[in-house]
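Here's the structure we're looking at; comments come further down.
The values are calculated or read from the model by the stated rules, or taken from the named source; none is laboratory data. As the structure is a computational prediction, the values presented were derived from the model and not from experiment. Reconstructed Cβ throughout: ideal geometry from the backbone, glycine too, with neighbour counts over all protein chains shown. Each accessible area value is taken on the protein alone, full model and side chains, heavy atoms only, with ligands, DNA and RNA left out. Shrake-Rupley method; radii C 1.70, N 1.55, O 1.52, S 1.80 Å.
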Amino acid sequence: MPKPRATVAADTYHHGDLRQALIDATESMLQQHGLEAFTLRECARRAGVSHAAPAHHFGDARGLLSACAASGLDRLADTIDGYLSLAPAGDTTARLRAVGQAYIDFALANRALFQLMFRRDRLNPQDDTLRVAGKRVGDTLRDAIDAVLAERRLPASERGQRILLAWSLVHGYVTLVLEQQTGELFGLDADHGEAASAMGAELLRLLIDGLANPVRRPG
């Protein structure tokens with residue numbers, strides 16, 4: 001007697017593989033067709049499972065997209081760790097620059113995934129896995145800036161503003177590039193990753209020069 005379709009599909013994966021297969025299928029769809037074309041049914045078809053499988057594992061489209069975004073944030077954190085491993089341990093500005101460069105390069109190499117990671121309207125902000133992955137990335141940036149502040153004896157009260165400034169620059173820059181807003185004036189776009197990465201490095205140099213100095217207050 002033949003097995004039900006869902007059971008046959010599930011049996012094609014070893015235990016624990018189906019979840020990752022669905023996340024991989026989601027990322028593939030995003031890369032090829034964008035977020036607006038995403039459907040659970042097409043994701044299931046690409047993963048080779050029954051159309052009910054994504055809902056069984058993730059509840060709904062928001063749940064699967066949140067899992068995919070969390071996976072992306074973890075990969076971003078891994079990329080940052082890799083860049084930090086190449087920066088001198090005692091050079092706080094080099095380490096902050098490494099964090100920023102990793103962020104830029106990851107975004108340029110993973111456009112669709114990076115854009116999903118910040119689409120709060122399509123994700124579940126209460127998802128524990130998503131929150132933990134986001135905190136991992138945020139903590140790395142905060143630690144790098146705190147080290148610069150401590151070394152330069154800058155006020156801890158400025159920590160929040162300096163974190164926001166750093167994040168705004170790197171995120172704003174790669175968003176402009178990914179959205180094809182920098183091609184006409186600067187010749188930079190997502191199809192020319194090396195040039196966009198190099199420009200990002202120059203912007204980071206200018207940014208960190210400012211971050212590492214006291215604020216000049218009027219009067």
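The figures follow:
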| read-out | value |
| --- | --- |
| Positions within segment 184-194 being free of Cβ contacts under 8 Å to residues at least 12 places away in the same chain, more than 16 Å from GLY100 (Cα to Cα) and open to solvent by 30 Å² or more (accessible area, probe 1.4 Å), in sequence order | GLU184, LEU185, GLY187, ASP191, HIS192 |
| Any chance LEU86 is part of a loop (DSSP other than H, G, I, E, B), surrounded by fewer than 19 Cβ atoms within 10 Å (Cβ to Cβ) and among the aliphatic types (A, V, I, L, M) | yes |
| Output for segment 148-172, where each listed residue is aliphatic (A, V, I, L, M) and open to solvent by 40 Å² or more (accessible area, probe 1.4 Å) | ALA150, ALA156, LEU164, LEU165, LEU169 |
| Selection from segment 93-117 of residues that are free of Cβ contacts under 8 Å to residues at least 40 places away in the same chain and not in a helix (DSSP H, G or I) | ASN110 |
| Candidates SER50, SER85, SER71, SER28, filtered to the one that is within 29 Å of ALA144 (Cβ to Cβ), of a type in the set (S, T, N, Q) and touching a residue at least 12 places away in the same chain (Cβ under 8 Å) | SER71 |
| Subset of segment 169-219 that is charged (D, E, K, R) and part of a loop (DSSP other than H, G, I, E, B) - its residue that is farthest from ALA150 (Cα to Cα) | ASP191 |
